């Protein structure tokens, strides 16, 4: 079979298995990316979740013997809930970012990639390949950009003409020399809306992100959230959509192509107070299928505590008081103390004064003092 025929057949097959866009590029080294990654590393802008070996991130030949090309795929995900739930006084809610709605996208994309692999094996029995999604060595965005899936936006997302930046990406390195597709022209132009809207200034400039300041990254950390970011968190408990929601290319984009991606409003916009008392088992049962659960319940609980402070929810004072006095985790006790101070009131003040006499951990004591200072002001 001719390679060109195989490519056309593969494109046609991809549409039958729920792949919204497919592109092809060479397996040559991503030299421009290497320079950018080295600069990011020098500046301390990386999140620490990436593959640490930059050469593996830019050179497919280090990941598979004799690679010839890379197949890039994109799946569009929903941006709106079909059924809405409302956050109201006494029943405040947090929010998971859209990329964490529905079933864990790693599993969804792996399913599509596995089907593509099976098709390739059927057509070319001795084919070699290596598939990856997000946690693999290669940069999904760099591959997608070169494969013509979309252009690399100033918000550091791949923006497709059809679906905006609301797409999941994955790729397969293969020894089949597919004809590469043509990269798309960058359409961001002079628009800087994402840079201007970033709550923490994490977008240093178009296409450059300081992950250490990015709310998406910060919501996944497990320690105390630095003071300067707490008020910016709002009611986000996992991820951040701001640089995508302000993008003109995303206006009106909302696709419901994949049933696995449909959000359950009670899960992706959960009540905050029940999160404070949720057990490990309950957390896994309720949130385990979300990609946003991968760091466990602690970061979600810490973020929920901060969100309650954002709402100044006085109905949560008793719950926060219990956490501050009895939770075994210093980060949770201390964040609860900070939140109580932000919410304020006589009950919160008395709880903080009592905790100050009993607490032994210095970091928690510091948070109690911050809380008292908020009220005394």
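For the reader, a short list of remarks on this structure follows.
- Semi-axes of the equivalent ellipsoid for the stretch 1-70, Cα gyration tensor, largest first, Å: 32, 15, 10
- Each of 120, 340 was scored by other Cβ atoms within 10 Å of its Cβ. Arranged with the fewest first, they read 120, 340.
- Set of the stretch 137-166 residues, backbone N closer than 13 Å to the point 7 Å along the Cα-Cβ line of residue 182: 148
- Gyration tensor verdict on the stretch 1-147 (Cα atoms; rounded if a/c is under 1.5, prolate if a/b is larger than b/c, oblate otherwise): oblate
- Cα centroid separation - the stretch 164-238 against the stretch 298-377, whole Å: 31
- All C-alpha to C-alpha distances of the stretch 218-338, sorted into 5 Å bins beginning at zero, yield P(r) values of 2, 10, 19, 22, 20, 13, 7, 5, 2, 0 percent in whole numbers.
- Extension gain, residue 87 back to residue 360 (0.36 nm per residue minus Cα-Cα distance, nm): 94.7 nm
- Semi-axis lengths (Å, descending) of the ellipsoid that matches the C-alpha gyration tensor of the stretch 61-152: 36, 15, 12
- Take 256-265, 329-338 and order them by the average number of nearby Cβ atoms within 10 Å per residue, most first; the result is 329-338, 256-265.
- Each of residue 15 and residue 326 was given a label point 7 Å from its Cα along the Cα-to-Cβ line. The distance between the two points is 6.0 nm.
- For the peptides 185-194, 151-160, 319-328, the ranking by packing is 151-160, 319-328, 185-194, with the highest mean count of neighbouring Cβ atoms within 10 Å listed first.
- For the stretch 151-196, the Kirkwood estimate of the hydrodynamic radius, built from every pair of different alpha carbons, is 12.8 Å.
- Look at the Cα gyration tensor of the stretch 111-230: its axes a ≥ b ≥ c give a/c of at least 1.5 with a/b at or below b/c, and that counts as oblate.
- Over the stretch 30-103, equivalent-ellipsoid semi-axes from the Cα gyration tensor in Å: 38, 20, 10
- Where the Cα pairs of the stretch 36-76 fall when distances are cut into 10 Å bins, in %: 23, 38, 34, 5
- Shape box of the stretch 174-288 [Cα atoms, principal axes, largest first, Å]: 53, 37, 34
- Global form of the stretch 73-116, assessed from the alpha-carbon gyration tensor, a/c cut-off 1.5: prolate
- For the chain, the relative contact order comes to 19 percent (Cα pairs under 8 Å, sequence separation of at least 6).
- Among beta bridges identified by DSSP and lying wholly in the chain, the antiparallel ones come to about 95 percent.
Every read-out reported here was derived from the displayed coordinates using simple, explicitly stated rules and does not represent laboratory data. Remember, it's a predicted structure, so these values are computed and weren't measured experimentally. Positions of Cβ are backbone-derived with ideal geometry, glycine not excepted, and every protein chain shown enters the neighbour counts.
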